[in-house]
Every structure is written in structure tokens, then in C-alpha cells.
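So that we are looking at the same thing, I have put the structure below in C-alpha cells.
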């Protein structure tokens, strides 16, 4: 009994936290979902904005923001999404690590080149995925693009 109690306490303390929100997600853009009327910003990634355009490998412009959102929607395919809140952003949105099954959506978006690693928030997360996307010239890395944060700062979305 003296051994069992510490083991049970450790198991309870080590149990993974349940998701903050689970449900069918609507894609708002390449880094924002909505589940049960709650906006959720994907933690650690930054996707091209809805009206942002990039250049493909041949130098032709394409709607990379819409492409990013469409690819995210195709990836989720109406399956349940589980999100684990990390923070609240300045707009009051939950900032969360989200997954479909046991696969991290942010990691998938970065690996596909449909989002970039948001370095100042992500720490060392998604470094491997971004390096692989760059190497393979996946998504936005196939041509030229402006980092989404720079694009917003320059006011191109207005």
C-alpha cells in the first residue's frame, strides 16, 4: 500500500491534459480554425493571409493564402480536431496546438509549405518540418513569397 499510493499519484500527475476543445472545425484561413463558435489560432505557425499572393516556381503569381486555407481544409476532411490551448492572443482567440487523430496540424502545414514556422513564438518547434519543406521546395518555398508577418506589417491586406 505504501508503494501503491506514490505510483497512483505519479500516474495522475503524469496523465496528459485533455484537449481544451474538440469538434468539427471550419477553416477560417491557413492558421485559424473555428470549433463550436470559438476561433482558434494554430500555435507556432503563420500562414499566408487570405488575400496574400505569392509567386510560383515559374514566377507566376498565385493566391497562396487561399491555397493554404484550402489545403488545410482538405487535410482535416471533416474529421474531429482536438486543440490544446497554449495561450490567448491579443484578439482574444485561443492559440492552440491542434491535431487530427494524433497528428499535429501545425507540423503538417509547415512541412507542406502551406505555413511557415512562427519563430518568435514557436521556439524550436517545427524546425525540422520547415527545413524539409525548404529542401523539397514545397508550397510557398517553391517560388518567392513575403513572410506573412511582414506582409501584414506592410499593410498589404488593407
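Only Cα pairs within less than 10 Å get springs; with that Gaussian network setup on the chain, which residue of 90, 79, 111 has the largest fluctuation?
90
Once you have a ≥ b ≥ c as the square roots of the Cα gyration tensor eigenvalues for segment 76-158, tell me rounded if a/c is under 1.5, and otherwise prolate or oblate according to whether a/b is larger than b/c.
Oblate.
How far is helix 4-14 tilted, in degrees, relative to the longest principal axis of the Cα atoms in the chain, given as a value from 0 to 90 rounded to the nearest 10?
10
Do the sum for the chain: with -39,500 (n - 2.57) for every DSSP H run of n ≥ 4, divided by all residues, what is the mean residue ellipticity at 222 nm, to the nearest 500 deg cm²/dmol?
-9000 deg cm²/dmol
Of the candidates 105, 35, 88, which one comes out as most mobile in a Gaussian network treatment of the chain with C-alpha springs shorter than 10 Å?
Residue with maximal mean-square fluctuation among 105, 35, 88: 88.
Another question, if that's okay. On a 0 to 90° scale, report how tilted helix 64-76 is relative to the longest principal axis of the chain, with both axes built from alpha carbons and the result rounded to the nearest 10.
Long axis of 64-76 versus the principal axis of the chain: about 30 degrees.
In degrees between 0 and 90, to the nearest 10, how far off the longest principal axis of the chain does helix 127-136 point, with axes built from Cα atoms?
Roughly 30 degrees between the two axes.
Please rank 116, 21, fewest neighbouring Cβ atoms within 10 Å first, as an exposure proxy.
Ascending number of Cβ neighbours within 10 Å: 21, 116.
Right, here's the next one. Could you state, as a whole-number percent, how many of the C-alpha pairs of segment 17-153 are farther apart than 17 Å?
Roughly 56 percent, rounded to a whole number.
So how do 84, 145 line up by other beta-carbon neighbours within 10 Å, fewest first?
84, 145
Among 50, 23, 123, which one shows the highest mean-square fluctuation when the chain is modelled as a Gaussian network with alpha-carbon springs under 10 Å?
123
In addition: If I model a spin label as a point 7 Å beyond the Cα along the Cα-Cβ vector, how far apart are those points for residue 56 and residue 120 in nm?
Label-label distance for residue 56 and residue 120, simple model: 3.3 nm.
Computed from the coordinates by the stated procedures, all read-outs in this text should not be read as laboratory data. All values reported here derive from a predicted model rather than from experimental measurement. Every residue, glycine as well, gets a Cβ built from its backbone with ideal geometry; the counts of neighbours run over all protein chains shown.
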